[in-house]
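**Q** Structure incoming, see below.
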Amino acid sequence: MKNKNTIIIFLVVLLFTNVAFYALGYSSGQGTIVESLPPVGEVVDRDEFLDKILEISGVIDDHYFNDYDWDTIQEGVYRELISSLGDPYSEYLSPKDLENLQISSGRSYGGIGVEVTMNNGRVTVVTPMEGSPGQSAGLLPGDMIVEVDGTNTEGMSLSEVVDLIRGEPDTEVNLGILREGRQDVLKVSIVRGVITSTAVEWDMLQGKLGYLRITRFAEGADQEFVTALTQLRNEGMEELIIDLRGNPGGYLHIVVNIAQYLVPAGDVVYMEDKNGVRVRTFGSQLEERGFDVVVLIDENSASASEILAGALKDRDAGTLIGKNTFGKGSVQSILDFDDGSAVKLTIQKYFSPRGNVIDGVGVAPDIEIEQPEAANFPSYSYKGRLEVGSTGLDVVIINRILYFLGFGEDTDDSTFTESTKQALGKFQSANGLAPTGFMDANTAEKLNEKFTAHKKDNDMQLKEAIDFFKRN
């Protein structure tokens, strides 16, 4: 009975523990600031529930015919207890899950470099990180990971699937992907790499117009932001485009730190508990900024990105261009237990300075601009020769890119057909290559060169941001 009693003890601890790490914007693990929850109030009698668990355990012990493992049963009880809340952001974390969460919140780890979340019971890609193996393999926002190395992920928690995907650099993981509009499962092999979370990119575009992209609000992103902003100012920047497209969120304290350089003195964001009581407000002390701001947002700008975008909009400190954001406006808290496990629970919702709801709603742009499919489509990563009869996600990418460049049909076929061969041959001829009709390294390099230029030319949201400053 020792193991069965462990279940009861854990459940009692789960129901009454009140020490927390206050967190924001988890997808596959993002962001913490240390905070404590208010004391747990009066709770209903749990005796009947706990007695039932013990009774079921006894029935299994006395009557179940096949072999079983109590550790597995315990893990299942813990996970299902939190899963039954129906909240995609709340989950039970085993000691291994918690370790993975801390790893992915750091600045480097081994994996494929995609941010994921739970959506309708499936582990779903929020966004691949720039330059990551996942992006190179052609994963897109919205892709659902249904298999990992032949294991069906149905019924698994987010942490369990992430644990299967993550691994040592230079090892291979094979994923099965469901993509909107397709019935078949796309197979893709990805070589894991060292994922580093360099979060800020910047450049001077033209004249006194600067460009600064924040890919995620990871640890250290605020320092990178200050470095970039200082460099841009030193180069004479007076107007700034901040690109938050595809940014899934991150640490709360990081976005608040960055807001100190962008949002005028006053509120940045505040939180309310389930009783509608405001429990925390974060503000800015900025007196003078000295430059105008446009912010690019899209459907995959989430959580901390929405805090910054919402604050700039509400405080009339920036113009938002793009598409309505994701709508992740809840706060998660990690509650640790003595055995090294934890639970992650949604405890609060956050609101923009004017009290606008973000969760489930998002932040609307001031100027809405649709983006063509090509602008967000991944480049092709060459892994070896492809020819008629080859199949897989790589072929989907080749077919789409050839279509975008005007050489192929409007198809997302995962099979390299005669039509693919003909389209590729036309591309090769037009670009000074031998028209072999198969994919080799030289063709892949030229295809990406042309497609990168095409994507830049078709970034309608960035073009609108540049034109906005010309008009104003």
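**Q** Between E418 and T391, what is the label-to-label distance in nm when each label sits 7 Å out along the Cα-to-Cβ direction?
**A** 2.0 nm
**Q** Right, another one. Rounded, prolate or oblate: pick one for the stretch 381-457, where a ≥ b ≥ c are the square roots of the eigenvalues of its C-alpha gyration tensor, a/c under 1.5 means rounded, and failing that, prolate if a/b is larger than b/c, else oblate.
**A** Rounded, since a/c falls under 1.5.
**Q** Continuing with the same structure: Determine the relative contact order of the stretch 328-377: mean sequence separation of Cα pairs under 8 Å and six or more apart, normalised by residue count, in whole percent.
**A** Values: 49 pairs, mean separation 16.4, N = 50.
The value is 33 percent.
**Q** Further, regarding this structure: Can you give the % of DSSP beta bridges in the chain that are antiparallel, to the nearest 5?
**A** About 75 percent, rounded to the nearest 5.
**Q** Another question, then. Return the lysines within reach of K187: Cα separation strictly under 22 angstrom, same-chain partners fewer than 8 residues apart disregarded; answer none if there are no such residues.
**A** Qualifying lysines at Cα under 22 Å: K383, K421.
**Q** Nearest 0.05, what FRET efficiency do V77 and N275 give at R0 = 25 Å with Cβ-Cβ as r? Could you put the intermediate results ahead of the total?
**A** Working: r = 29 Å, r/R0 = 1.18.
The value I calculate is 0.25.
**Q** Hey, which lysines would be in cross-link range of K344, C-alpha to C-alpha under 19 Å, not counting anything within fewer than 8 residues on its own chain?
**A** K96, K274, K328
**Q** Let me ask something else. Between K446 and N472, what is the label-point separation in nm under the 7 Å Cα-to-beta-carbon projection?
**A** Placing both labels 7 Å beyond Cα along the Cβ direction yields 4.4 nm.
**Q** Now for a separate question. Excluding V388 itself, what net charge comes from residues whose Cβ is under 13 Å from its Cβ, given Lys and Arg +1 and Asp and Glu -1?
**A** Details: positive: R385, K421; negative: E387, D413, E418.
Here the count lands on -1.
**Q** Here is a further query. In which sequence would K463, K274, K344 go, from the one with the fewest C-beta neighbours within 10 Å to the one with the most?
**A** Fewest-to-most ranking of K463, K274, K344: K274, K463, K344.
**Q** Let me ask something additional. How much mean residue ellipticity at 222 nm does the chain get from its helices, if each DSSP H run of length 4 or more adds -39500 (n - 2.57) and you divide by all residues, to the nearest 500 deg cm²/dmol?
**A** Details: 13 runs with 155 residues, N = 472.
Value at 222 nm, helices only: -10000 deg cm²/dmol.
**Q** Decide, for the chain, between rounded, prolate and oblate: order the square roots of the alpha carbon gyration tensor eigenvalues as a ≥ b ≥ c, take rounded if a/c falls under 1.5, and otherwise choose prolate if a/b is larger than b/c, else oblate.
**A** oblate
**Q** Set the bar at 24 Å for Cα to Cα. Now go through K426/K463; K313/K456; K208/K463; K323/K446; K426/K446 and name every pair that lies beyond it.
**A** From the list (K426/K463; K313/K456; K208/K463; K323/K446; K426/K446), the Cα-Cα distance tops 24 Å for K426/K463; K313/K456; K323/K446.
**Q** Relative contact order for the stretch 381-457: what is it in percent, counting Cα pairs under 8 Å that are at least 6 residues apart?
**A** Values: 105 pairs, mean separation 24.4, N = 77.
Answer for the stretch 381-457 is 32 percent.
**Q** So what is the relative contact order of the chain, in percent, for Cα pairs below 8 Å that sit 6 or more residues apart?
**A** Relative CO of the chain lands at 14 percent.
**Q** Then there is this: For the ranges 94-101, 353-360, 304-311, what's the packing order if you count other beta-carbon atoms within 10 Å of each residue, average per peptide, and put the highest first?
**A** Per-residue Cβ counts within 10 Å, averaged per peptide and sorted highest first, yield 304-311, 94-101, 353-360.
**Q** What are the ³J(HN,Hα) values, in whole Hz, obtained from phi via the Karplus relation 6.51 cos²θ - 1.76 cosθ + 1.60 with θ = phi - 60°, for each residue of the stretch 117-134 in sequence order, with x given for Gly and Pro?
**A** Along the stretch 117-134, the couplings run 8, 8, 9, 6, x, 10, 6, 10, 6, 7, 6, x, 6, 4, x, 7, x, x Hz.
Each value in this text was obtained by applying a stated rule to the coordinates, not by laboratory testing. Only a predicted model underlies this, so the values are computations on that prediction, with no experimental measurement involved. Cβ sites come from the backbone with ideal geometry, for glycine too, and all protein chains shown count toward neighbours.
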